[in-house]
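The values are calculated or read from the model by the stated rules, or taken from the named source; none is laboratory data. Predicted, not measured: the structure shown is a model, and the values here were computed from it. Cβ coordinates were reconstructed from backbone atoms using ideal geometry, including for glycine residues, and neighbour counts include every protein chain displayed. Just the protein is used for accessible areas: all its heavy atoms, side chains included, with ligands, DNA and RNA removed. Shrake-Rupley method; radii C 1.70, N 1.55, O 1.52, S 1.80 Å.
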Amino acid sequence: MSESADLRRETARRRTFAIIAHPDAGKTTLTEKLLLYAGLLRTAGMVKNRKGGKAATSDWMAMEQERGISITASAMQFEYRSHIINVLDTPGHQDFCEDTYRTLTAADSAIMVLDAAKGVEAQTLKLFAACRLRGVPVLTFINKCDLEGRPPLDLLTDVERALGIEACPMNWPAGMGRDFVGVVERGSRDLLRFRKTSAGGARVAEMERIPLPQAAAAGALDAAQAAALAEELEMLEVAGTTFDRARFLKNELTPVFFGSALTNFGIEPFYDAFVDLAPPPSPRTARRLDGAEVRIDPVATPFSAYVFKIQANMDPRHRDSLAFIRIVSGRFERNLTIRHFHRGEFQRELRLSRPQTLIARDRTTLDEAFPGDVVGLVNAGFAIGDTITAVTGDVADGFEHAPLPQFPPEVFARVRPADLTKRKSFDKGMQQLAAEGAIQVLRSYTNQLGDPIIAAVGQLQFEVLQYRLRDEYQVNVEIVPLPYTCSGWLEGDPATFQVSMSSLMALDARGRAVVLFTTPWDRDYCLRLNPQHQLHDFA
């Protein structure tokens, strides 16, 4: 097989997707069960590896495991049905939306998890909007069908009205709540009946395929259940949406599946359908450094990738920093020499000798990777949004992928080490955690040697910062909230900008002036005072 044909085959095998949901919809549980069905887990929560297995999930951070929430996006790769699956598990909490939105740029599709009792929730709306903005096709998994919830038809209507997208059920629940025994495939009209094999779905559920007309005779359903199910399916055939792959890829239609991630009911048919429906990596549009747009074909264009995430201290033994890159085009090989571009400027040539593939915090050195893959680069000195390219070919002169989303901070505080002898560790921790992009570190414009000001999208980020400084850097810190609620990056000479009594001018990590305001009215007042200046929400 030629190198080009091999690259095309490997690219077609990739499925790179993000899992999005409102908090507590079951997103991380679903992620873990996908690993279970891929054969990567002996039991849920126990990852197979060469050392015999140890506890691990997508929630690798200690604080995540303590609180039961996802705080940081994680990346995992494994094989299923001859396909290479790259899963990007994202935080559901709105305070971590910036990390989630950046991670969505690396996905070719998304799985949207809904709680069967709640349907579309507030954070679901925001995350779906981000997918639609980037044209990411979305598959919907309605979870917790084993608990009391809303009728399936109501849930479909909710999806269509709230999200403005047509919903096409690919299967249909056989019962809900305590009566939930499996799902019916609409195409084959077979009932997939499941049986629990372990508490909490720690092992793969037993599945039996029964033609629906025979389900009552086989004892899988009583006569009334079978008749009601047949009637619902007939109604879907008459009034329901027909699946159209082209519309799905355009984010105009979402295929819907029902199941329970906790019991594993419906997981296997969903996973099988996902592999068939989700798209492989496709061409992307980028911008050359001269401003011209360029089409980046995953197979025809030489190697290129971009950094969408930085994570410090995933390996507590080495306290390193890991840059996550999404490969957009070409073959990546270990020891490849690349060109590094930061903010549109060439920085250096670099040999990448320590590429990693990941399962939560467990890493394995890889020898090659392909478009769609997510690769970790250790201590490589990259920043979020950086582009790396091959040193030869059309991409060697550099280009930038679509800019990653940024959000204006809404909460502010001063932070200082409780023990001044820990200042060196404090400074290192602040530098590394700021590089991850979850917080911004500002300095007072008039007193740059004073305690730093931290800015974030949500209050929970401060708790994470405090926890991680203590857990990862052994530094206890005092965080003093500030009254500011909005900000703006200043365009114009900061020396001539008149601040109000309740506002504050600061400098960000790049030395740019940013003004903090207590209220939007305060911001408008300062703009009227300074008509020769402008303020920008995004930097």
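Sorting Tyr445, Tyr271 by accessible area puts them as Tyr445, Tyr271; the probe is 1.4 Å, largest comes first, and only protein heavy atoms count.
Annotation: amide H-H contacts under 5 Å for Asn313 (H modelled 1.01 Å from N, sequence separation of 5 or more, or interchain): Asp320, Ser321, Leu322.
Derived scalar couplings between HN and Hα for region 338-353 equal 10, 9, 10, 10, 10, 6, x, 10, 5, 10, 5, 9, 8, 9, 8, 9 Hz in order, rounded to whole Hz, by the Karplus curve 6.51 cos²θ - 1.76 cosθ + 1.60 (θ = phi - 60°), x for Gly and Pro. For Ala174, the residues whose amide H sits under 5 Å from its own are Val181, Gly182, Val183, Val184, ignoring neighbours fewer than 5 places away on the same chain, with H placed 1.01 Å from N. Under Stokes-Einstein, with the Kirkwood radius over Cα pairs as Rh, the value for region 255-313 at 37 °C and 0.692 mPa s is 211 µm²/s.
Rolling a 1.4 Å probe over the protein chains gives Asp427 an accessible area of about 70 Å². In the structure shown, the pairs Lys126/Lys428; Lys33/Lys126; Lys27/Lys196 are assessed against 32 Å; a Cα-Cα span above that value is assigned to Lys126/Lys428. Estimated purely from DSSP H runs of n ≥ 4, each contributing -39500 (n - 2.57), the mean residue ellipticity at 222 nm for the chain is -7500 deg cm²/dmol once divided by its residues.
Annotation: aspartates and glutamates with alpha-carbon distance below 16 angstrom to Lys250 (same-chain offsets under eight excluded): Asp108, Glu160, Glu166.
Ligands, DNA and RNA excluded, the heavy atoms of Asp397 present near 120 Å² of accessible surface to a 1.4 Å solvent probe. Take the chain with all the other protein chains still there, run a 1.4 Å probe, and you get 42 Å² of accessible area per residue.
Region 123-167 to region 207-233: how many Å between their Cα centroids? A separation of 27 Å, based on Cα centres. I'd like the carbon and sulfur percentage of the solvent accessible area for the chain, probe radius 1.4 Å, heavy atoms only, ligands and nucleic acids excluded. Of all accessible area on the chain, carbon and sulfur atoms account for 50 percent. Legend: residues Trp172, Trp521, sorted from most to least accessible area (1.4 Å probe; ligands, DNA and RNA excluded), read Trp521, Trp172.
Sites count as exposed loop sites when they are GluC sites (Glu not before Pro), lie in a DSSP loop, and have at most 15 other Cβ atoms within 10 angstrom; the longest stretch of the chain without one is 253-409.
Taking θ = phi - 60°, what integer Hz values does the Karplus form 6.51 cos²θ - 1.76 cosθ + 1.60 yield along region 248-256, in sequence order, with x for Gly and Pro? 3J(HN,Hα) across region 248-256, in whole Hz: 4, 5, 8, 6, 9, 8, 10, x, 10.
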